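Structure first, then comments.
The values are calculated or read from the model by the stated rules, or taken from the named source; none is laboratory data. The structure presented is a predicted model; accordingly, all values stated were derived computationally and were not measured. A quick note on method: Cβ atoms are made from the backbone with ideal geometry, for glycine too, and the neighbour counts reach across all protein chains shown. These accessible areas exclude ligands, DNA and RNA; they are computed on the full protein's heavy atoms, side chains included. Shrake-Rupley method; radii C 1.70, N 1.55, O 1.52, S 1.80 Å.
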Amino acid sequence: MDDPVLTARALVRDRFPAARAAFLAGSVLTDRRTPTSDLDIVVLVDDPLAAGRENLMYRGWPVELFVQTESRWHAFADQETAKRSSPLLAMCAEGMLLVDTDGLGAALQDEARTRWAAGPPPLSEQEHDYQRYILTDLLDDLRGCTDPAERAYLVSHLLQRASELVLLVGGHWLGTGKWLSRRLAAAAPEVHRALSGSAAQAMTGDTKAFAEAVAGVLDRSGGTLWDGYAIR
């Protein structure tokens, strides 16, 4: 396939000749690039009718397009920040600025980098307690589980919840799928190794190491919480 940067520039030129700005982001710009990596492209336009999301193939590359107006970009960034997971800010902060006709691209990249560096909103006490309660409850379920199918789902859910709790307590951005793994590996590599290294073994029935890793996450996050937990 053609060079990803040249391909992305050609796509923006062909599909969005009036684009004010465009960014290329994702694994294609890093040593994590794989044969199935796609081109993640954020495009800024003036026409609100052109805004939206689209998946397509272009010159042999799978492409994910995120087309925004300036006001919609800010609205999305605010919505994602409230959820403590912002792919849009990450793409614009860490991505390559492909097009910038009037300075909007540079301004949004500066804003994205500032907001990304600041991190997500901190957990409230109620949110923190809820996360501890959920993880405690799931861990108890795993310790008593005898059904292989249920165990697989519990391990998967515990891996996600434990990873998210470490990130949330540490003031780090969340992610989904591979990005959850990458965020945790960057924020707490020893926890990432303990959880990911024992999860596969737990799937087969030997849950001791994985349960200990999850318990360690709870210990560093305020401890277990079940007896006496209440929502009022």
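Tallying residues that are in contact with a helix residue (DSSP H, G or I) (Cβ under 7 Å, 6 or more places away or on another chain), in contact (Cβ under 8 Å) with a residue 40 or more places away in the chain and part of a helix (DSSP H, G or I) within the range 2-33 yields 1.
Taking the criterion of being open to solvent by less than 70 Å² (accessible area, probe 1.4 Å) and under 24 Å from residue 122 (Cα atoms), the residues of the range 183-203 that qualify are 183, 184, 185, 187, 188, 189, 191, 192, 195. Inside the range 183-230, residues that are without any contact (Cβ under 8 Å) to a residue 60 or more places away in the chain and among the β-branched types (Val, Ile, Thr) make up a count of 2.
Can residue 149 be described as part of a helix (DSSP H, G or I) and in contact (Cβ under 8 Å) with a residue 12 or more places away in the chain? No. Looking across the range 97-113 at every residue that is charged (D, E, K, R) and surrounded by 15 or more Cβ atoms within 10 Å (Cβ to Cβ), the one that is farthest from residue 182 (Cα to Cα) is identified as 100.
One residue stands out in the range 66-96 among those that are in contact (Cβ under 8 Å) with a residue 40 or more places away in the chain and over 27 Å from residue 171 (Cα atoms): the one that is least open to solvent (accessible area, probe 1.4 Å), namely 67.
Residues in the range 204-228 that are open to solvent by 20 Å² or more (accessible area, probe 1.4 Å), at pLDDT 95 or above and within 16 Å of residue 154 (Cβ to Cβ): 206, 207, 208, 209, 212, 215. From the list 111, 164, the lone residue that is of a type in the set (D, E, K, R) and closer than 30 Å to residue 36 by Cα is 164. Take the range 8-57 and flag every residue that is over 22 Å from residue 106 (Cβ atoms) and either buried (at least 20 other Cβ atoms within 10 Å of the Cβ) or of a type in the set (Asp, Glu) (or both). Correct list: 14, 31, 38, 54.
Okay, residues lined up against (1) open to solvent by less than 30 Å² (accessible area, probe 1.4 Å); (2) in contact (Cβ under 8 Å) with a residue 12 or more places away in the chain; (3) under 16 Å from the mean Cα position of the chain (by Cα):
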position: 115; (1), (2), (3): no, yes, yes
position: 119; (1), (2), (3): yes, yes, yes
position: 138; (1), (2), (3): yes, yes, no
position: 176; (1), (2), (3): no, yes, yes
position: 181; (1), (2), (3): no, yes, yes
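Quick grid of which residues meet (1) modelled with pLDDT of 95 or more; (2) not aliphatic (A, V, I, L, M):
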{"position": "2", "(1), (2)": "no, yes"}
{"position": "9", "(1), (2)": "yes, yes"}
{"position": "29", "(1), (2)": "no, no"}
{"position": "41", "(1), (2)": "yes, no"}
{"position": "59", "(1), (2)": "no, yes"}
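The residue list 156, 163 contains one member that is loosely packed, with under 14 Cβ neighbours inside 10 Å and modelled with pLDDT of 95 or more, which is 156.
Screening the candidates 65, 88, 108 for the property of being hydrophobic (A, V, I, L, M, F, W, C), within 13 Å of residue 40 (Cβ to Cβ) and in a helix (DSSP H, G or I) yields one hit, 88.
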